[in-house]
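One structure is given here, and the rest of the page talks about it.
Values quoted throughout were computed directly from the atomic coordinates according to the rules given, and no laboratory measurement underlies them. Treat the numbers as computed from the prediction; the structure is a model and nothing was measured. Virtual Cβ from ideal backbone geometry, glycine too; neighbours counted across all protein chains shown.
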Amino acid sequence: MHQKSPPNRGLGPFGKIINMFSEVCGWIAFAAVLGAMLVISYEVMARYLFHWATYWEIEAAIFLLILTTFVGSAYTMKYGRHISLDIMTQRMSARNQAKLDILTCLASLSFCVLVSWRCWEMWWEAYGLGWTTDSLWAPPLWIPYLFPALGFTAMSLQLIAEITHWVVILVKKEA
């Protein structure tokens, strides 16, 4: 079975910065999950125990879960916890596995860069035009639009680190 290398792979200073950034993204995602849990728990208690009207909790929890999904993706990639099809790669040599990983990372990188670019455009538009949600709470939309932009950017950086890792492995095997 194809095993991912440990997250700190000696990729030089740039790779260490990317790995640290991905680690921070993971902790931010963890904090967002806890925050969403607390917000939803507060809503349940406020509505059912105290009969208070609530209007911001669901939207806040959704924002936090959006943050978790997108910002946590680089952390997931760093530790190789994303979906992979090991059935296909089990019988391949380590060299061919590295080549396949480079190709899939390049395809993923091209997608993530394009989506990241569009997310940053949407974020800037929402920020510049002062968009808000249609709810009673009406938080600014640039906040939830920031999360996919950050997440896809972080994922792009982590994919660059992955590509560098596999290229270094291939070069070492050829030497």
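Details
- Helices (runs of 4 or more DSSP H) wholly inside the range 35-146 that include at least 1 residues being small (Gly, Ala, Ser) and under 30 Å from Lys172 (Cβ atoms): 73-78, 94-129
Okay, residues lined up against (1) touching a helix residue (DSSP H, G or I) at 6+ places or on another chain (Cβ under 8 Å); (2) surrounded by 14 or more Cβ atoms within 10 Å (Cβ to Cβ); (3) among the basic types (Lys, Arg):
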residue	(1), (2), (3)
Val44	no, no, no
Arg47	no, no, yes
Phe50	no, no, no
Trp56	no, yes, no
Glu59	no, yes, no
Ile66	yes, yes, no
Phe70	yes, yes, no
Ser73	yes, yes, no
Met77	yes, yes, no
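- Checking Arg95 against (1) out of contact with any Gly (no Cβ under 9 Å at 6 or more places or on another chain); (2) basic (Lys, Arg); (3) surrounded by 14 or more Cβ atoms within 10 Å (Cβ to Cβ), the condition it does not meet: (3)
- Across the range 37-62, the number of residues qualifying as small (Gly, Ala, Ser), within 32 Å of the chain's Cα centre (by Cα) and closer than 21 Å to Asp134 by Cβ comes to 2.
- Those residues of the range 139-165 which are in contact (Cβ under 8 Å) with a residue 24 or more places away in the chain, surrounded by fewer than 22 Cβ atoms within 10 Å (Cβ to Cβ) and over 21 Å from Phe30 (Cα atoms), in sequence order: Pro139, Ile160, Ile163, Thr164, His165
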